[in-house]
There are 2 protein chains.
Amino acid sequence: MTARKPTMADVARYAGVSLKTVSRVVNGEPHVSAEVQLKVSAAISALGFRRNEAAARLARGATMLTIGLVMENISNEFYSRLAKAVEAAAAEHEALVVFGSYEERPERERMLVESMYARGVDSLIVVPSSGDHAWLARHTGLTTVFVDRLPPGQDSDVVLLDDLKGGRLATEHLLAHGHRRIALISDDVRLSSVHDRATGYREALGTPDERLVVHGVFDPWRVSQEVARLLDLADPPTAFFATNNRAAIGILQALRERPERPAYVGFDDFALAEVFNPGVSVVRYDIDRIAHSAVGLLLDPSGRPRRVTVPVELVVRGSGERGA
Amino acid sequence: MTARKPTMADVARYAGVSLKTVSRVVNGEPHVSAEVQLKVSAAISALGFRRNEAAARLARGATMLTIGLVMENISNEFYSRLAKAVEAAAAEHEALVVFGSYEERPERERMLVESMYARGVDSLIVVPSSGDHAWLARHTGLTTVFVDRLPPGQDSDVVLLDDLKGGRLATEHLLAHGHRRIALISDDVRLSSVHDRATGYREALGTPDERLVVHGVFDPWRVSQEVARLLDLADPPTAFFATNNRAAIGILQALRERPERPAYVGFDDFALAEVFNPGVSVVRYDIDRIAHSAVGLLLDPSGRPRRVTVPVELVVRGSGERGA
């Protein structure tokens, strides 16, 4: 006797069929014999697997396995790449993806999740805002995997990047090219990803000059203003570490108008990073791996929260290799 | 007596309530009084408005008004901007968006539409591939609006850009800066958008040198090879017109490796267009207007195919203003 909720894998084992077959039956897909359908229905009943919902689905015939993807902003390249990767990973399981953006407003994030839940979406991949997520706990039928950031106030499956290592790699790379005055440009430090990237930077530097540490800037235009302000200091930075793609783009914007040629390393690859001259050196990771891990956790739920960490690497293209 | 299908607006008129209220009732949204629900249900019955489906929805309680968005590739900036704009336009009607990419493979486009249809999506916004779309006609319950390109073999509502004018504007701008040898870099000329942009180019030039007209290149890397090949001609072009954002990016890539400094104008704005030095001059349009028009046509269906043309304008940033 175990307290954990029965999973689709349990149903498959009980019925003596594959996980894929269970998914087909639950989603009312074609190409399943009546005999197999009966076996799976019996297993679902016996185990009490999401009983009402699965039964309702079977009764209705065909409905979709739909994954809700809740993220900050689909037009930011990180999110559009993630959406594409999740779509591809979901397609392998014949699932559709519903997506929504919350624009870094926790109340809109909650509204999106509630609305998806009310409309029958039972699997969620969420890039959480910095707001508390305790309200999620009352949606007992909702399988949720968080991606990119730890959700405050919620113990769930989560897929994170090795942000700490990324921050350290970027900063050590700049140190190795002779830089000592390295500025940090980052956004909301309450996000675990930003926090960990900043911690990696601090660990590599030892004692950063706090006047060179910038938090809370979100859009490229604000970043470019901060970069200009730092370059105007009596003792300006000779290098920058940008903790996301928007910060890197803000640095590029600022340098268009400035004579200085500081080094810089970004976090998050972007399509045009190679096209600039010099190319933009970045901390990179495999976004398909994030998506596959998240979809994999969703389709094989467990009673205990699990954590997957996706590795990062430094890609050298020129902007981080300018000397001090 | 009219042959056209009754619309939600007809239901609203018959019931004496707003369109918004009808949408709320059909979608099982809260905050509708029992009296209003009855009125709307009666109107739906009387008019035979999507009878079975609406009735089924009302019986089931709450389900979603879901718009399927079928496009080439969510990670291409044109599509991620479009997705964001459609999401925002749909949210005004409390609708969700399901999206899918077909990667310019007509058979995958059809599979996506069939799968969305089978799963209950009844409203589609499609950026069509160059394949024939006659198969769509048999899905009688499926309200479809095409966007960006005319679908071959299908008479439907469509939202297009003023592509012809865009092609002419870009080319005339380069002519005004003294260029005579202007190359065209474009992808699949069977797409109405590409065809019309190329036609605008031809009309402005009069008699283009056909050796400078390149069709059928899709990714930036192939574009950069074509640009290099053209620049190596004995009589090379002094300017380029790129019919989409990927072509513009391919030109930027090629010029990183080359000493020549030709002028160029792109079609489609992109986030980093201003960050390059010089900035990339482009033909631009309001993508929110495309999305609003498409959602508006979906929610107010008509018996006759309608066409909306969204205007374009030239944005001058430097790359198109280099002299011959």
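List of remarks:
- √(5λ) per eigenvalue of the Cα gyration tensor, the protein assembly as shown, largest first, Å: 43, 35, 21
- For chain A, size of Cβ-based charge dipole, Lys and Arg +1, Asp and Glu -1, in debye: 700
- Ranking A:Tyr117, A:Leu164, A:Ala198 by how far each Cα lies toward the positive end of the dipole of segment A:84-231 (charges on Cβ) leaves A:Ala198 at the top.
- The angle separating the long axis of helix A:245-256 from the principal Cα axis of greatest extent in chain A is about 30 degrees.
- Interface size A-B, as summed buried accessible area [1.4 Å probe, Å², nearest 100]: 3400
- Helix B:220-231 vs. chain B, principal-axis angle (Cα, 0 to 90°, nearest 10): 30
- Label point 7 Å beyond Cα along the C-beta direction, distances from B:Glu257 to other copies (nm, shortest first): 3.4
- Averaging the sequence gap over all C-alpha pairs within less than 8 Å and six or more residues apart, then dividing by the number of residues, gives chain B a relative contact order of 17 percent.
- Ignoring aspartates and glutamates fewer than eight residues from A:Lys20 along the same chain, the ones with Cα atoms less than 19 angstrom from its Cα are A:Asp10, A:Glu29, A:Glu35, A:Glu53, A:Glu87, A:Glu92, A:Glu94, A:Asp122, A:Asp300.
- Along the axis of the charge dipole computed for the protein assembly as shown (Cβ charges of +1 for Lys and Arg, -1 for Asp and Glu, origin at the Cα centre), the listed residues B:Ala89, B:Val17, B:Asn76 are led at the positive end by B:Val17.
- Whole-Å distance, taken between Cα centres, linking segment A:74-126 and segment B:234-276: 34
- Proximity of backbone amide H atoms, modeled 1.01 Å from N, is registered between A:Ile67 and A:Leu96, A:Val97, A:Val98 at under 5 Å, excluding neighbours fewer than 5 places apart on the same chain.
- Under the convention that each Lys and Arg Cβ holds +1 and each Asp and Glu Cβ holds -1, the size of the dipole of the protein assembly as shown around its Cα centre is about 1280 debye.
- Placed amide H near B:Leu150: partners under 5 Å, 5+ positions off or other chain: B:Ser192, B:Ser193
- Distance to the A-onto-B rotation axis is smallest for one chain A Cβ; residue and value in angstrom are A:Ser80, 2.
- Label geometry 7 Å along the beta-carbon vector: A:Asp235 inter-copy distances in nm: 6.4
- Amide hydrogen neighbours beyond the local backbone of B:Gly318, cut-off 5 Å, H modeled: B:Ser281
- Across segment A:111-117, computed HN-Hα scalar couplings (Karplus, 6.51 cos²θ - 1.76 cosθ + 1.60, θ = phi - 60°) run 4, 4, 5, 4, 5, 5, 5 Hz from first to last residue, x flagging Gly and Pro.
- Solvent-accessible area of segment B:242-324 (1.4 angstrom probe, protein heavy atoms only): carbon and sulfur portion equals 46 percent.
- For chain A, the Kirkwood estimate of hydrodynamic radius, built from reciprocal distances between every pair of different alpha carbons, is 21.4 Å.
- When segment A:163-285 is described by a simple charge dipole with +1 on each Lys and Arg Cβ and -1 on each Asp and Glu Cβ, the residue from A:Phe276, A:Gly266, A:Pro237 located farthest towards its positive end is A:Pro237.
- Compactness of segment B:200-324 was expressed as the Cα radius of gyration divided by 2.2 N^0.38 Å, which yields 1.25.
- The other copies place their A:Gly318 label points at 1.5 nm from this one, listed shortest first, where each point is 7 Å from Cα along Cα→Cβ.
- Segment A:286-324 and segment A:197-233 have Cα centres separated by 24 Å.
- At a probe radius of 1.4 angstrom, the accessible area of the protein assembly as shown per residue rounds to 41 square angstrom.
- The phi-based Karplus calculation (6.51 cos²θ - 1.76 cosθ + 1.60; θ = phi - 60°) puts the 3J(HN,Hα) values of segment B:211-216 at 5, 9, 9, 10, 10, x Hz, whole numbers, x for Gly and Pro.
- For segment A:264-272, 3J(HN,Hα) computed residue by residue from phi via the Karplus equation (6.51, -1.76, 1.60; θ = phi - 60°) reads 7, 10, x, 10, 4, 7, 9, 4, 9 Hz, glycine and proline entered as x.
- Treating r as the C-beta distance of A:Glu103 and A:Asp288 and R0 as 30 Å, the FRET efficiency rounds to 0.70.
The values are calculated or read from the model by the stated rules, or taken from the named source; none is laboratory data. Since this is a predicted model, take the numbers as computed values, not measurements. Every residue, glycine among them, receives a Cβ derived from its backbone with ideal geometry; neighbour counts consider all protein chains shown. In case anyone asks, the SASA skips ligands and DNA or RNA and just uses the protein heavy atoms, side chains included. Shrake-Rupley method; radii C 1.70, N 1.55, O 1.52, S 1.80 Å.
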